[in-house]
Every structure is written in C-alpha cells, then in structure tokens.
1. Starting from the range 126-155, keep only residues that are assigned by TED's automatic domain parsing to the domain that holds T112, then list their pairs with residues that are of a type in the set (D, E) and part of a loop (DSSP other than H, G, I, E, B) whose Cβ atoms are within a distance under 6 Å, requiring at least 6 positions of separation or different chains.
2. Among the residues of the range 71-118, write down those that are among the charged types (D, E, K, R) and free of Cβ contacts under 8 Å to residues at least 40 places away in the same chain.
3. Looking only at helices (runs of 4 or more DSSP H) that fall completely inside the range 15-92, which ones have 1 or more residues that are within 24 Å of G254 (Cα to Cα)?
4. Look through the range 105-134, keep the residues that are part of a loop (DSSP other than H, G, I, E, B) and within 16 Å of the ligand (Cβ to nearest atom), and return whichever of them is farthest from D39 (Cα to Cα).
5. Taking the criterion of being crowded, with 18+ Cβ neighbours inside 10 Å, within 13 Å of the ligand (Cβ to nearest atom) and within 22 Å of A375 (Cα to Cα), would at least one residue in the range 301-316 satisfy it?
6. Step by step: first the residues of the range 236-277, then only those that are over 20 Å from the mean Cα position of the chain (by Cα) and of a type in the set (D, E), then the one that is surrounded by the most Cβ atoms within 10 Å (Cβ to Cβ). Which residue is that?
7. What's the number of the condition A172 fails, among (1) outside the structural domain of P140 (by TED's automatic domain parsing); (2) under 18 Å from K110 (Cα atoms)?
8. Would the range 29-46 turn up any residue that is more than 29 Å from E321 (Cα to Cα) and either of a type outside the set (S, T, N, Q) or surrounded by fewer than 18 Cβ atoms within 10 Å (Cβ to Cβ) (or both)?
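The values are calculated or read from the model by the stated rules, or taken from the named source; none is laboratory data. Since this is a predicted model, take the numbers as computed values, not measurements. Cβ coordinates were reconstructed from backbone atoms using ideal geometry, including for glycine residues, and neighbour counts include every protein chain displayed.
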Amino acid sequence: MAVIADQCPDVRVTVVDVNEARIAQWRSATLPVFEPGLDEVVARARGRNLFFEAITPQVLAAADVIFVCVNTPTKTFGEGKGMAADLQYWEKSARTILQHARKGTIVVEKSTVPVRTAEAMSRILNARADDEDFPVLSNPEFLAEGTAVRDLLQPERVLIGSRPGPAGDAAAQALAAIYRRWLPEEKILFTSVWSAELSKLSANAMLAQRISSINALSELCERTGADVQEVSQVIGSDRRIGPLFLQAGVGFGGSCFRKDLLNIVYMCGQLGLHEVAAYWKQVVDINDHQVARFTRDILAHLFNTVVGKRMAIFGFAFKPETDDTRDSPAIAICRRLLEERAELAITDPRALDNAARDLAGLPGSIHFEPDPYAAARGAHAVVLVTDWPQFRALDYARIFADAQRPAFVFDGRNALDHRGLFELGFNVVPMGKPPLLHR
Ligand code: UDX
C-alpha cells in the first residue's frame with residue numbers, strides 16, 4: 001500500500017487495522033517491520049496521501065476500493081488442524097465491509113487463500129443483492145520479504161482475477177489503472193478469480209519444490225562425493241530450468257511456502273486427489289528431513305555429544321535482509337540442539353528479538369549476542385543458518401583464535417569460503433559436498 005501511495009500521489013491510501021498498537025507503530029519513526037527501502041517510501045507518502053488509522057465505519061464508507069490483507073494462518077484447531085487455512089479473520093473482514101462500505105465498492109482479496117475463497121467472500125457480500133453490490137477481485141501478492149519494495153516496483157507480473165461479466169471486467173480495469181501508473185501493460189495479467197487464487201498457491205509450491213529437489217540432491221551428493229553447488233550450476237544453466245531457487249541449504253522457511261503447500265495438500269485431500277496430495281506433501285517432508293539431518297550431522301561430527309558445548313548460531317531469520325523468523329529452520333535447529341543440551345549463542349543482525357520470542361520457555365542455556373565475535377567466543381562450533389552477507393565479511397582468523405579445539409564450522413547455506421576456513425584451522429562441514437576435516 002505504501003508503494004501504491006508513493007506511485008500514485010493523487011490516490012488516498014488509508015491503512016487500517018484492528019490492532020491499534022500496530023497502527024501507532026506505523027505512524028511512528030520506527031516501523032514495525034524491517035524491509036529494505038520501506039522507510040523511505042513511507043516517509044515520502046505518509047501524511048500526504050498515505051494514512052494509518054484505526055478501523056472505523058467512516059473509513060470503510062469512504063473507500064472506493066478495499067484491499068483485504070488479513071492473515072490466513074494454518075488452522076490450529078478443529079477440522080483441517082495443522083493444514084487448512086484459518087479463515088476467521090478473513091470472514092470477519094467480509095462482514096465488516098458488508099456492514100459499513102458503500103454499494104459498488106470494489107473488494108480486492110490480497111491474502112493468499114485457498115481457491116474459491118473470493119467466491120465465498122462474494123457470496124457473503126452479495127447475499128442480499130440481486131446484482132453484484134460488491135465486485136470481488138483476487139490480486140495475490142508475489143513480493144518476497146527482503147526485496148519487497150523492489151519486487152513491487154519491478155514485479156515479474158501483477159495478477160488480477162475477476163468474475164466474468166461487465167461488473168467484474170470494470171472492477172478489474174479500475175484496479176489495473178492503479179498498476180498502470182508505473183507498470184507496462186504486458187506486466188498485468190487478467191484471469192478468472194479461481195485461476196488467480198490457485199496460481200499464487202502453485203507458484204509458491206513450485207518454488208518450494210525446486211528447493212526441496214536440490215536439497216534432496218544435496219544428500220545424494222554428500223554420499224557420493226559430488227558437489228551440490230557444481231551440480232546446481234550445471235542444472236541451472238539449462239535455460240528451461242534456470243538458475244534461481246536452486247541453492248541447497250538447511251531448508252526453506254518463511255510464512256508462505258509451508259502454509260501454501262499444506263493448503264494445496266489439504267485441498268487435494270478434500271477433493272479425493274490422494275496421489276496429488278502425497279506428491280506435494282513430499283516437498284514439505286523433504287524440507288523437514290533436511291533440517292533434521294543437518295542437526296544429526298552436527299552431532300555426529302562433534303563426537304556424538306554436544307552436552308554443555310557452546311554453539312554459535314549465525315543467523316536466525318528465515319533468510320537475509322529481514323527480521324522475520326516465521327517457520328525459520330533456525331527454530332527447529334535450535335530446539336534439537338537444546339534437546340541435546342548444547343549451550344546456544346545466537347547472533348543475527350535483525351532478528352534477535354523475534355528469536356527470543358520463538359525460543360521463550362525452552363529449557364537450557366541460550367544467549368543472544370548482537371556481536372558475532374562475542375557469540376563465537378569459546379564456541380566448539382559455528383553453525384551458519386542464515387546467509388547474511390555480514391557473516392561472509394567476518395575475520396575468521398579472530399574467531400578461530402577464540403574458539404575451542406577442534407574448531408568446527410557447519411555452513412548450512414554454503415555461504416562461506418570453505419577452503420579459506422580450512423586453511424585457518426577450522427574443520428568445515430558444508431551442505432551437499434565433502435567436509436574438509438583435519439585429522
Ligand atoms: C515467497 C515467494 O518467493 C514470494 O513470491 C511469495 O509472495 C511469498 O513467499 P518469501 O517467503 O518472502 O517469498 O522468501 P523467499 O525468498 O521465497 O525464500 C523462502 C525460503 O527459501 C527462505 O528460507 C530461503 O532461504 C529459502 N531458499 C530460497 C533456499 O533455501 N534456496 C534457494 O535457492 C532460495
């Protein structure tokens with residue numbers, strides 16, 4: 001919304017939330033999320049045509065277009081627990097809109113939702129009308145965290161799904177007119193509402209599938225002495241496959257991939273498509289397996305015991321350039337190491353507050369260290385979980401000098417200079433290639 005406001009100074013954008021503390025943060029000097037470039041965009045538009053307000057009937061009544069961006073987390077109760085999307089926030093929004101918005105207001109579904117949700121929303125909104133009082137569009141968001149502003153300014157595509165017929169077409173064109181302000185026509189794709197919803201889920205599922213495929217190959221490489229980075233480079237140079245999302249690592253995290261995959265699995269199960277459900281479920285299973293085997297390997301290399309050993313965890317965010325730790329592989333890795341009674345010293349440039357929340361209440365010894373050198377001091381091993389560029393630039397001779405012997409680096413993202421570390425004296429265990437061990 002901030003990018004829309006920035007690109008369209010004559011369009012008034014009001015962001016509303018039921019959480020007033022959140023709104024207060026958006027109005028303050030310190031935004032509630034870290035996202036590169038966002039501070040500048042908000043600073044330019046806020047108070048001009050970008051406003052943050054508590055949700056009121058007046059705001060809804062004044063809107064020509066309402067974007068519904070509520071979260072649709074995985075259900076933690078009842079039918080479909082652990083798999084299906086929890087649509088309670090989303091349905092409440094529909095009912096609030098129905099109560100307060102003007103007829104003719106365009107409702108845009110932005111949350112990633114299982115297919116046919118827009119249809120359900122449309123039925124709630126238009127239950128009392130003969131005609132469509134509230135045209136409903138699906139406009140799923142493809143931005144990735146850490147590159148959100150860039151992804152919005154230069155997207156691969158913008159997707160607008162609408163219902164067939166003149167009302168749907170007119171609504172789709174009204175929304176497209178906003179995006180046309182900074183995007184060429186060919187970037188805007190028009191589909192049916194259902195195709196739009198399913199495309200978003202499928203795009204994430206296929207990205208996750210590439211990561212699980214290369215991660216599955218990384219284990220095969222380790223067993224056979226191949227190097228997964230070499231394999232990945234060769235595969236990726238095939239134009240039909242392409243180089244992106246082929247980096248082996250400790251597994252994917254974030255708020256989307258697992259949730260969307262499970263959504264597809266659940267939906268397929270509901271439709272009786274059991275083989276299809278099993279196919280996508282396997283993408284999730286390989287991801288869990290990758291995390292599990294990473295921690296097993298750490299234990300094996302550290303002589304099968306980490307009790308009381310200090311482990312420096314480099315990175316806790318689910319990827320670099322974000323403070324988001326939702327479904328980060330770091331959570332499962334730290335849990336497993338704590339179960340083995342290791343002492344953890346966690347460092348991350350942005351995510352330590354979230355890390356402390358994620359690990360709250362777990363028994364064991366956990367330190368949060370903004371300074372990576374302090375985290376690594378006296379450690380038996382450095383475990384790199386998130387490939388922040390900062391970690392590449394550290395003075396590893398200094399880290400080695402302060403480390404226990406034998407000193408280990410487990411590079412869960414193949415982010416570091418393995419040969420260089422080995423020459424400094426470290427035992428180096430990369431992902432998907434032979435370890436470099438001093439005998
Ligand atoms: C993703 C989609 O990319 C985006 O289009 C969608 O709108 C939301 O979900 P996001 O979750 O923000 O975005 O991050 P993304 O960059 O896709 O990374 C997801 C995870 O995959 C991270 O944990 C990352 O470390 C991991 N990853 C990515 C790999 O392990 N290897 C890769 O080659 C690429």
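1. Final answer for the pair search is N126/E132; N126/D133; E145/D324; G146/E321; A148/E35.
2. Taking the range 71-118 first, the residues among the charged types (D, E, K, R) are 75, 79, 81, 86, 91-92, 95, 102-103, 109-110, 116.
Hits for the range 71-118 are K75, E79, K81, D86, E91, K92, R95, K103.
3. Details: elements: 20-27, 38-45, 57-62.
Per the criteria, 20-27, 38-45.
4. Taking the range 105-134 first, the residues part of a loop (DSSP other than H, G, I, E, B) are 105, 110-116, 126-134.
Subset that is within 16 Å of the ligand (Cβ to nearest atom): 110-114.
On the way: K110: 22, S111: 23, T112: 25, V113: 28, P114: 32 Å.
Among them, the one singled out is P114.
5. Yes, the range 301-316 contains a residue that is crowded, with 18+ Cβ neighbours inside 10 Å, within 13 Å of the ligand (Cβ to nearest atom) and within 22 Å of A375 (Cα to Cα).
6. Here the residue is D238.
7. Against the list (1) outside the structural domain of P140 (by TED's automatic domain parsing); (2) under 18 Å from K110 (Cα atoms), A172 comes up short only on (1).
8. Residues of the range 29-46 that are more than 29 Å from E321 (Cα to Cα), as a first pass: none.
Looking for residues that are more than 29 Å from E321 (Cα to Cα) and either of a type outside the set (S, T, N, Q) or surrounded by fewer than 18 Cβ atoms within 10 Å (Cβ to Cβ) (or both), one finds none in the range 29-46, hence no.
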